[in-house]
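What follows is one structure encoded as structure tokens, with my remarks underneath.
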Amino acid sequence: MSRARAWREALPVGAVAGALLLVAVVVLVSAGADLRTALSALWIGSLGSRYALLSATLVRATPLILLGLSVTLAFRAGVLNIGAEGQFIAGASAGGAVALATAAVLPGPVSLLVALTTGVVAGGVWAAVAAELRRRFGVLEVISTLMLNFIALYGVSYLVHGPLQEPTHVYPQSATLPMVARLPFVFDGQRLHVGFILAVLLGLALWYVFARTAAGFRIRITGAGAAAAASAGAVDTARVSFLAFIASGAIAGGAGAVEVTGVTYTLFERISPGYGYSAIAVALLARLHPVAVIGAGVFFGALEAGAAAMQRDAGVPSQFASILEALAILGVLAVDRLRARRQEAAP
Amino acid sequence: MTKSLGFLLGTMALMIFGGCAGSERGVAFRVALLTPGPITDQSWNSAAYAGLMRIKDSLGAQVSHIQTKTPAEFDENFRQYGASGYSLVFGHGFEFQEAAARVSPEYPNTIYVTTGGISMGKNLASMSFSFDEPSFLAGMIAASVSKSDIVGCLGGTELPPVKASFLAFRAGVHAVKPRATVITAFIGNWDDAAAGKEQALAQIGRGVDVIFQNADAAGLGVFQAARDSKSVYVVGSNSNQNEVAPRVTLGSVVIDLPHAFITVAREVKAKTFQARVIQFNTRSAVVRWVPNPATASLLSARAISMVDSVRATMLAGHFSLPAGR
């Protein structure tokens, strides 16, 4: 790429990034925060210290990356699965329940493996409901997956008030997983668990599948234009999108099981504080590129961890993270638009 | 590729601004507060924040506050404060006990205190409030004011201290009117004022004319419901809520949280703190019934004297809840 071209490419990105930074600063100042303290907290509380990076940012990034990949897979196949939230909850509930039940009888690693597998299956099944409705009756998946999210939410609420409630029946949450049924930490004394490594590996694997395999090609062309793909060659688009839908749910379910065995160690109602919805933003920010999803997930994780630090150190309201996330997405859209316009203008 | 450039720009900008936190480490007395809800609830959380501010003003502490939603966040922030060397961390609610018990052994130089609860460890304590005594008085008042003889209790979630307070309230109601009906409901959360209002209206629809609310920010909806209805009254809790809606509030079951917070903080600062369950009751004046003068005319002289005599036995330490529900 020539230097002039690189500049031309970078210019809109720089302009948008600058505008976002400006807006962020304006919001901070209008919230009455001390700018220097706030920004320094944002930095040190997200990426600027080993503890923040390994105990907050990447821990928060893990479910966002996994769910971002789930959304990416579905969207690439032309399936608008916005049910990652519900599939995550289904996986967390099933995985958590199985981990609790098997931890005492099976060796730790086996129990863990069974729990994670159960989570994957549960997420897949939850998505399969919507996938089957779409294939058989043409029910819009945007509606069915959204509805299934609420069913999952009330389902977990029932479980932690009923059959899975902890033995003293005081808290609306399950019993705590024993040590053996928890995912191991990556570093001593840090909260980062091996789920993060799984997430990164999955991102790379998905990139490989999309870029280098026939299955990945079929998924991409199904998403790019199902009718054209079907008429041009031997692609059973209905089957491809059906399977991609279920695989997307399976990833989300796995993410839920990872969260329970790696972070919370117990099941409760707000096991997902909206991860499934943030993940759509993560996937869009990454422009549905699996490797970029890893970066976008870490970016969102850093923002949320940094926002918590800003609240602790500078009294900035926690909603600030949501504002920045929204700004980042607007920024990506703006850059895309600028590029598209330039291409239209170019001969 | 260009996207990563964007990240880089953002990061660099932050690096330029960054780089000074943590410079004042170690020396200062630092106190942190985790609340389960917004500090604008004029109840449980705002009282705790007032306590934190009092610690800042009178002990010269450096203070920090964060609102946390899930047990995972309780854990994360307890650790953050421990790792950055805070002397004292309050987890403001019964529900913080588990996370505090899990994290406290890892940060022995930080003292973790939960508001409510019975946990205890080397550097772990809890403040326990005998909420039942003023709740009993509130029940007596509610029964005296009620015309329908149906009163309601409306809570956030079913936490043990809330349930205990409601039981005492009910006992107080029955001490005055043995046949009165007490309806208890829980909103399911502590921050949805619309849901609080809806539940309150549902109780009012069943004939309730006095509601004892303990639902923090969600409870603000209860006051709204009472204001919109005719001759329905509310009993506030945690903070003095008599000013929230003066014309419909009979009084408040108050925990003087600022007082409790500073008592603990003073001990920690003086390094005389002993991990224990710290009891606060009517006699320590931290928990008390505060009547609302604006609605005092609703009470008969007989009701007032009855309440006063029960309060006297409480202050003398002779009060115990009547057995049976």
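The values are calculated or read from the model by the stated rules, or taken from the named source; none is laboratory data. Nothing here was measured: the structure is a model prediction, and the numbers come from that model. Every residue, glycine as well, gets a Cβ built from its backbone with ideal geometry; the counts of neighbours run over all protein chains shown.
General observations
- Some residue of region B:151-165 being within 14 Å of the chain's Cα centre (by Cα), away from every other protein chain (no Cβ under 14 Å) and touching a residue at least 40 places away in the same chain (Cβ under 8 Å): yes
- In region B:27-50, the qualifying residues are those that are part of a helix (DSSP H, G or I) and touching a strand residue (DSSP E or B) at 6+ places or on another chain (Cβ under 8 Å), and the one that is surrounded by the fewest Cβ atoms within 10 Å (Cβ to Cβ) is B:TYR49.
- Pick from region A:311-332, criterion in a helix (DSSP H, G or I) and polar (S, T, N, Q), ranking: surrounded by the fewest Cβ atoms within 10 Å (Cβ to Cβ): A:GLN319
- Note on region A:286-301: among residues that are more than 9 Å from every other protein chain (Cβ to nearest Cβ) and crowded, with 24+ Cβ neighbours inside 10 Å, the one that is farthest from B:THR35 (Cα to Cα) is A:PRO290.
- Number of positions in region A:156-194 that are more than 13 Å from chain B (Cβ to nearest Cβ) and either crowded, with 21+ Cβ neighbours inside 10 Å or touching a Ser or Thr at 6+ places or on another chain (Cβ under 8 Å) (or both): 5
- Being over 16 Å from the mean Cα position of the chain (by Cα) and over 30 Å from B:LEU124 (Cβ atoms) holds for only one residue in B:ALA301, B:ALA275, and it is B:ALA301.
- Single match in A:ALA279, A:ALA255, A:ALA308, A:ALA283 (criterion: in contact with a Pro (Cβ under 7 Å, 6 or more places away or on another chain), buried (at least 22 other Cβ atoms within 10 Å of the Cβ), aliphatic (A, V, I, L, M) and under 23 Å from A:ALA92 (Cβ atoms)): A:ALA255
- Counting residues in region B:47-54 that are more than 7 Å from every other protein chain (Cβ to nearest Cβ), modelled with pLDDT of 90 or more and farther than 25 Å from B:GLN213 by Cα gives one or more.
- Counting the residues of region A:47-91 that are within 14 Å of another protein chain (Cβ to nearest Cβ) and touching a Leu at 6+ places or on another chain (Cβ under 7 Å) gives 9.
- All helices (runs of 4 or more DSSP H) inside region A:179-296 with 2 or more residues being out of contact with any helix residue (DSSP H, G or I) (no Cβ under 7 Å at 6 or more places or on another chain) and at negative phi: A:195-212, A:214-224, A:226-232, A:237-259
- When the criteria are applied in full, B:SER165 fails the requirement of being surrounded by fewer than 22 Cβ atoms within 10 Å (Cβ to Cβ) and hydroxyl-bearing (Ser, Thr, Tyr).
- Restricting the search to strands (runs of 3 or more DSSP E) fully inside region B:71-139 and requiring at least 1 residues that are in contact with a Leu (Cβ under 8 Å, 6 or more places away or on another chain), of a type in the set (Ser, Thr, Tyr) and in the same structural domain as B:ALA265 (by TED's automatic domain parsing) gives B:111-115.
- All conditions but one from (1) crowded, with 21+ Cβ neighbours inside 10 Å; (2) at pLDDT below 85 apply to A:TRP43; the one that does not is (2).
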